[in-house]
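In what follows, a structure is listed as structure tokens, so that the remarks can point back to it.
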Amino acid sequence: MLSAVRIVLVAPSGPANVGAVARVMANMGLRELVVVAPRCDVRAEEAVAYATHGREVLDAARIVDDIPAALAGCVRTYATTSKLGLYRRQAAIPPDEAADEALGAGGPVAFAFGREDFGLRTAELLHFDRLVTIPADESWPVLNLAAATTIVCYELHQAGRARAGRPPLTYALAQDLAPAERKEVLFERLFDALERVGFLFGPNPDHLKYALRHLLGRIDLTVNEADVLIGLARQIRWYVDHHPERRDPPRARRAAAADDADGER
């Protein structure tokens, strides 16, 4: 099961941290490391020194240009973060729950960790199905990269031991689940369609994107189901483009608000 887990480091700046992550991955039986746009030499002497018996993991690490490339082929993806607004707080789960869920996915999964200085950017969280947050003291909840990776890798190892001999929980075969790159297409087109009909509005429409992204991220979407939603988005765009006289989002929102008010009376 652990062979299906991918650890992703996004733009790390310290070779020692990359080496330390490789070491803890080896400690916990994980082998696949992907580094996105590193800001350091991930195989520098310092990285090698900190990797010690994780040298094999470090040597095999892949370097890619962006997050979508790092997640390619994964049927479920997790972002670790301590940045929790209203919708993100509701969607976040602890590492032990994420680990057990991930190992039941029936296919490749990825856990991503952000930069040492400020973690993953808020906009980058939209690439992921689920958010993972490590419960820590509220006065200082931000862990360093090596510590956060150690905790998550440990929980994955424990979940793997607990699941030994048990079949994946997912009802669908792994090859039927929508991979990350298909979900990227889905959400790009869905958000565009929703913007066209005025659903994503206001000074900060991204909070609705997060809500939708992580709501659907909790579902094991098959390729066919993702294609159905892509078709839905395409039809919304077609309708808006062919009925420009009806395209007035502010008026639509006022009408919806009036309908809500009538329902309350």
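Quick one: in region 193-246, which of the residues that are of a type in the set (Gly, Ala, Ser) and closer than 18 Å to Leu125 by Cα is surrounded by the most Cβ atoms within 10 Å (Cβ to Cβ)?
Here the residue is Gly217.
Please enumerate the residues belonging to region 29-41 that are of a type in the set (A, V, I, L, M, F, W, C) and under 18 Å from Leu120 (Cβ atoms).
The answer is Leu33, Val34, Val35, Val36, Ala37, Cys40.
For region 1-30, which residues satisfy the criterion of being farther than 19 Å from Asn144 by Cβ and assigned to a strand (DSSP E or B)?
Matches in region 1-30: Val5, Arg6.
In region 144-160, what count of residues is obtained for those that are crowded, with 19+ Cβ neighbours inside 10 Å and either free of Cβ contacts under 8 Å to residues at least 12 places away in the same chain or among the small types (Gly, Ala, Ser) (or both)?
Residues in region 144-160 being crowded, with 19+ Cβ neighbours inside 10 Å and either free of Cβ contacts under 8 Å to residues at least 12 places away in the same chain or among the small types (Gly, Ala, Ser) (or both): 4 in total.
Looking at Ala47, Ala20, Ala102, can you tell me which residue is within 21 Å of the chain's Cα centre (by Cα) and outside the structural domain of Asp206 (by TED's automatic domain parsing)?
The match here is Ala102.
Please determine whether any residue of region 184-202 is modelled with pLDDT under 65 and not aromatic (Phe, Trp, Tyr).
Checked against the condition, which is being modelled with pLDDT under 65 and not aromatic (Phe, Trp, Tyr), region 184-202 yields no hits at all.
Please pick out the residue among Glu188, Glu184 that is within 20 Å of Pro108 (Cβ to Cβ) and surrounded by fewer than 20 Cβ atoms within 10 Å (Cβ to Cβ).
Glu184
In this structure, is Ile151 under 21 Å from the mean Cα position of the chain (by Cα), modelled with pLDDT of 95 or more and β-branched (Val, Ile, Thr)?
Criteria met by Ile151.
So which of Ala20, Ala60, Ala49, Ala26 ends up being within 20 Å of Leu120 (Cα to Cα) and small (Gly, Ala, Ser)?
Only one candidate passes the filter, namely Ala20.
Picking from Arg213, Arg196, which residue would you name as being touching a residue at least 40 places away in the same chain (Cβ under 8 Å), closer than 18 Å to Val109 by Cα and either out of contact with any strand residue (DSSP E or B) (no Cβ under 8 Å at 6 or more places or on another chain) or in the same structural domain as Gly107 (by TED's automatic domain parsing) (or both)?
After ruling out the rest, the residue left standing is Arg213.
The values are calculated or read from the model by the stated rules, or taken from the named source; none is laboratory data. If you're wondering where the values come from, they're calculated on a predicted model, not measured in any experiment. All Cβ positions, glycine included, derive from the backbone under ideal geometry; neighbour counts span all protein chains shown.
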